[in-house]
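Worksheet for the structure shown next.
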Amino acid sequence: MTKYFLEIFYNCIMYFIEMFLEQWIMIAFQLKLLEWIIHKKMKFYKIFAASIFGSFSGCLILQLYDEDHGLKLGLMIISIVMTVKISCAFPMKKAWKYSVYLLVLSLFTGGIFTMIKSQIILPWLILATASCMLVRYLYVSAVKDMNHDKESFYQVEFKILHKKLEVCAFLDTGNFLYEPVSQMPVCILEEETFLKYFHEPLFKMIEKQEAEGIRMIPYQSVGREHGMMPAVMANDMKITKEDRIIEHKKAVIAISKVSLSKWGAYEMLLHPDLIKMGGNDCVKVELGKWKKDIFWKRK
C-alpha cells in the first residue's frame, strides 16, 4: 500500500514539474510577444520571474481547484494580471488591459501548439517556438496596413528630479507646443506614467515646492478652450530608434492628466523638432567583432 501511494505521489510530482516547465517556457515566449506588440521594453529578469510565477500559480490552481470551475477561472484571471504586472511593473489599470492581450496570445499560441502537435511529432520546445513565431507572423500580416505608423515609435530615456524615466514615445507631427520663454519644444507625458516614478502628481509637488525647473505651457485642444499644462525640465534625454540614438541635454516635459493612447501603445508624445533638429546623433556601427559609436552634431 505504501509503495503504491509513493508511486502515485511520484507520478503526480513529475507531472506537475513537467507541466510547470512547459508552461514556464511558453509564458516567457508569450511575454516577449507582448513586449513586441505593445512596444514596451521588458527586462529579462522580470520576464524570467513573471513567467515562473505565472506557470507555478497556474499549475497550482489547476491541481487544487480542478472541479470548482468558477473559482478556478477567477484565480486564473488574477494570476494572469499579476504575471503581467510583475513583467514590467505596469499600473494596475494597464496591467488589466495587457492581461487581455496576454490571454488572447495564450489562446492563439496554445491552439496552434495543439494543432501542430497533433500533426507533427517534434520536441515540445520546438513546437512552442514555432507556435509563437507563427502567431507573430499572423499578427504582422493582419495589422501591417493599420500599423503604418509603427516607424513613429521611439524608446526615450530622461531624468526628471534626479530620477531616470524610460518610456515608449510616439512621434506626434501635430505637436506644436513650445515653452513660451525659451521656445524649446515640449513633449507630453501621461500623468499615470509620471506616478509610476513619483509618489504624487506634479501639481502637488509644485504646491509643496518639491519640484525644480517648473514651467507652465499654454495649449489649446480641438473644440476646447485654452488651458495651461504644468511641465518640468528634463535632463540627459536619449531617443532611441533601432541603431540610431539622439541625445539632448535638456528637454521640456509637460504632464497630461488625459491618457494619450487608447490601447496603451505609448506613454509620451514626442515633439518632431527633437528628431529633426537633434542634439547629438549616435549611430552604432558594427565592424566585425568590434562595435563603435559614431557621434556627430547637427548644425
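The values are calculated or read from the model by the stated rules, or taken from the named source; none is laboratory data. For clarity, every value in this text was computed on a predicted model and none was experimentally measured. Positions of Cβ are generated from backbone atoms using ideal geometry, with glycine treated the same way; all protein chains shown enter the neighbour counts. Please note that ligands, DNA and RNA were not included when accessible areas were found on the heavy atoms of the full protein model with its side chains. Shrake-Rupley method; radii C 1.70, N 1.55, O 1.52, S 1.80 Å.
Annotations
- Scanning the range 20-55 for residues that are within 23 Å of the chain's Cα centre (by Cα) and of a type in the set (Phe, Trp, Tyr) gives Trp24, Phe29, Trp36, Phe44, Tyr45, Phe48, Phe53.
- Of the residues making up the range 14-42, those that are at pLDDT 75 or above and among the aromatic types (Phe, Trp, Tyr) are Phe20, Trp24, Phe29, Trp36.
- Residues that are open to solvent by less than 30 Å² (accessible area, probe 1.4 Å) and more than 12 Å from Pro272 (Cα to Cα), drawn from the range 165-187: Leu165, Val167, Cys168, Glu179
- The range 49-71: number of residues that are modelled with pLDDT of 85 or more and part of a loop (DSSP other than H, G, I, E, B): 0
- Filtered residues of the range 80-105 (kept if hydroxyl-bearing (Ser, Thr, Tyr) and buried (at least 19 other Cβ atoms within 10 Å of the Cβ)): Thr83, Ser87, Tyr98, Ser99
- Look at the range 87-106: where a residue is more than 21 Å from Gln23 (Cβ to Cβ) and a partner is open to solvent by 50 Å² or more (accessible area, probe 1.4 Å), sitting 6+ places away or on another chain with Cβ atoms under 6 Å, you get Pro91/Glu192.
- Any chance Ala231 is closer than 24 Å to Pro91 by Cβ and in contact with a Pro (Cβ under 8 Å, 6 or more places away or on another chain): no
- Cβ-Cβ distances below 8 Å connect the following pairs, each with a first residue in the range 29-48 that is outside any loop (DSSP other than H, G, I, E, B), a second residue that is at pLDDT below 85 and acidic (Asp, Glu), and a separation of six or more residues or different chains: Ile47/Glu35.
- Taking the range 122-138 as the range and being open to solvent by 80 Å² or more (accessible area, probe 1.4 Å), modelled with pLDDT of 75 or more and farther than 11 Å from Leu33 by Cβ as the test, only Ile126 passes.
- Tyr154 vs. criteria of a type in the set (Ser, Thr, Tyr), part of a helix (DSSP H, G or I) and either surrounded by 14 or more Cβ atoms within 10 Å (Cβ to Cβ) or at pLDDT below 75 (or both): no
- Filtering Glu210, Glu267 for residues that are more than 15 Å from Glu190 (Cα to Cα) and either open to solvent by 60 Å² or more (accessible area, probe 1.4 Å) or touching a residue at least 60 places away in the same chain (Cβ under 8 Å) (or both) leaves a single hit, Glu210.
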